[in-house]
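Here the structure comes first, spelled out in structure tokens, and everything after it is commentary.
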Amino acid sequence: MRTAPSVRRKLYFVSPLLTALLFGVYERLGLRRLKARLVGLGGPASRPTAADFSRRSAEQIRALGLDKLEVLSGPFKGMRYGDFSYNSALIPKLLGIYETDLHGWVGEALTAGYDAVINVGCAEGYYAVGFAYADPAIEVVAVDIASSALDMLSKLAKLNGLQDRVRVADMRTPVELETLLRRYKRPLLFVDIEGAEDELLDIRRAPSIAAADMIVETHDGYNFGVTRRLIERFWPTHRFEITGGCEAEDQPLPAIVRERIADPARARDLLSESRGLPELWLRFRARKPG
């Protein structure tokens with residue numbers, strides 16, 4: 001907790017649900033919009049472009065002197081990687097410390113006997129290709145609404161020779177999700193879709209969810225109350241666990257960073273996952289698995 005760089009982040013170590021509630025109230029009162037307008041009085045703020053993000057990643061790779069791009073630790077250690085990442089930090093992925101909260105759950109998922117992972121919101125494929133890389137027996141279905149993300153996913157799968165085991169599905173609705181779930185005996189749903197998890201995970205329209213395990217990132221900052229609603233929705237059919245608040249920059253510096261970056265502030269910046277507020281992750285395990 002002492003290493004968390006902001007009050008909001010510190011609160012996550014005390015009570016993730018309380019912080020999500022307070023942030024929701026902050027949104028409902030319109031304080032975020034008021035702050036944005038006040039900041040805007042100082043002139044228009046330019047948002048980073050894809051080119052800006054790519055340039056920063058290239059600079060960080062050079063700073064660390066990485067001559068071979070692969071995941072250096074964690075559940076996907078050894079997976080080859082590209083010099084690209086879709087809307088998320090690249091260096092923590094290469095170091096293997098990205099979303100460290102999930103390492104235990106991912107490790108358990110790799111030994112749980114799932115026949116498929118359905119990764120909704122796959123981005124460039126860190127988890128989709130990662131699961132296929134770490135478990136040769138598993139089939140991965142990747143879903144994303146951004147064509148540029150799916151282009152990166154294709155590149156990452158080819159880098160690891162996994163293009164035949166990572167397939168893309170065009171799935172947008174609970175009914176389409178139901179059709180997909182029915183193809184497998186014991187799938188894992190891995191969902192990160194910026195607040196739309198509330199609409200997609202509709203157990204009335206996709207009843208097969210009742211027998212599926214899930215790992216879901218919730219986004220109360222975008223969809224107020226979604227964490228509470230999902231817990232209430234799946235309480236009869238699933239046991240749940242919750243985690244959140246721990247990020248790469250809160251962890252001890254990896255040896256390669258300590259050896260090659262002398263400035264501690266610059267080293268911490270390399271590890272940043274660039275989140276204003278950490279989101280929560282829920283793991284739902286079906287009481288009666290399919």
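The values are calculated or read from the model by the stated rules, or taken from the named source; none is laboratory data. Please read all numbers here as calculations on a predicted model, not as lab measurements. Here the Cβ positions follow ideal geometry from the backbone for every residue, glycine too, while neighbour counts run over all protein chains shown.
Of the residues that sit in the stretch 84-137 and are acidic (Asp, Glu) and touching a Ser or Thr at 6+ places or on another chain (Cβ under 6 Å), which one is nearest to residue 55 (Cα to Cα)?
124
Every residue, every condition in (1) assigned to a helix (DSSP H, G or I); (2) within 24 Å of residue 264 (Cβ to Cβ); (3) touching a Leu at 6+ places or on another chain (Cβ under 6 Å), yes or no:
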{"position": "56", "(1), (2), (3)": "yes, yes, no"}
{"position": "66", "(1), (2), (3)": "no, yes, no"}
{"position": "73", "(1), (2), (3)": "no, yes, no"}
{"position": "76", "(1), (2), (3)": "no, no, no"}
{"position": "87", "(1), (2), (3)": "no, no, no"}
{"position": "93", "(1), (2), (3)": "yes, yes, no"}
{"position": "108", "(1), (2), (3)": "yes, no, no"}
{"position": "112", "(1), (2), (3)": "no, no, no"}
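Which one of these does residue 272 not meet: (1) farther than 18 Å from residue 102 by Cβ; (2) small (Gly, Ala, Ser); (3) in contact with an Asp or Glu (Cβ under 8 Å, 6 or more places away or on another chain)?
(1)
Could you name every one of the helices (runs of 4 or more DSSP H) located completely within the stretch 181-290 that has at least 1 residues being under 21 Å from the mean Cα position of the chain (by Cα) and surrounded by fewer than 22 Cβ atoms within 10 Å (Cβ to Cβ)?
Result: 197-200, 226-234, 264-271.
Quick check on the stretch 114-154: of everything there that is part of a helix (DSSP H, G or I) and either in contact with a helix residue (DSSP H, G or I) (Cβ under 6 Å, 6 or more places away or on another chain) or of a type in the set (Ser, Thr, Tyr) (or both), which residue is surrounded by the fewest Cβ atoms within 10 Å (Cβ to Cβ)?
147
List every residue pair whose Cβ atoms sit under 6 Å apart, with the two residues 6 or more apart in sequence or on different chains, where the first one lies in the stretch 132-161 and is closer than 12 Å to residue 84 by Cα and in contact (Cβ under 8 Å) with a residue 12 or more places away in the chain and the second, anywhere, is assigned to a loop (DSSP other than H, G, I, E, B) and among the aromatic types (Phe, Trp, Tyr).
These pairs meet every condition: 149/86; 152/84; 152/86.
Run down 226, 166 and say which single residue is of a type in the set (Val, Ile, Thr), over 19 Å from residue 108 (Cβ atoms) and at pLDDT below 95. Working first, answer last.
Working: 166 fails: at pLDDT below 95.
From the options 226, 166, the qualifying one is 226.
Across the stretch 155-175, what is the number of residues that are touching a helix residue (DSSP H, G or I) at 6+ places or on another chain (Cβ under 9 Å), in a helix (DSSP H, G or I) and among the β-branched types (Val, Ile, Thr)?
Residues that pass the stated criteria total 0.
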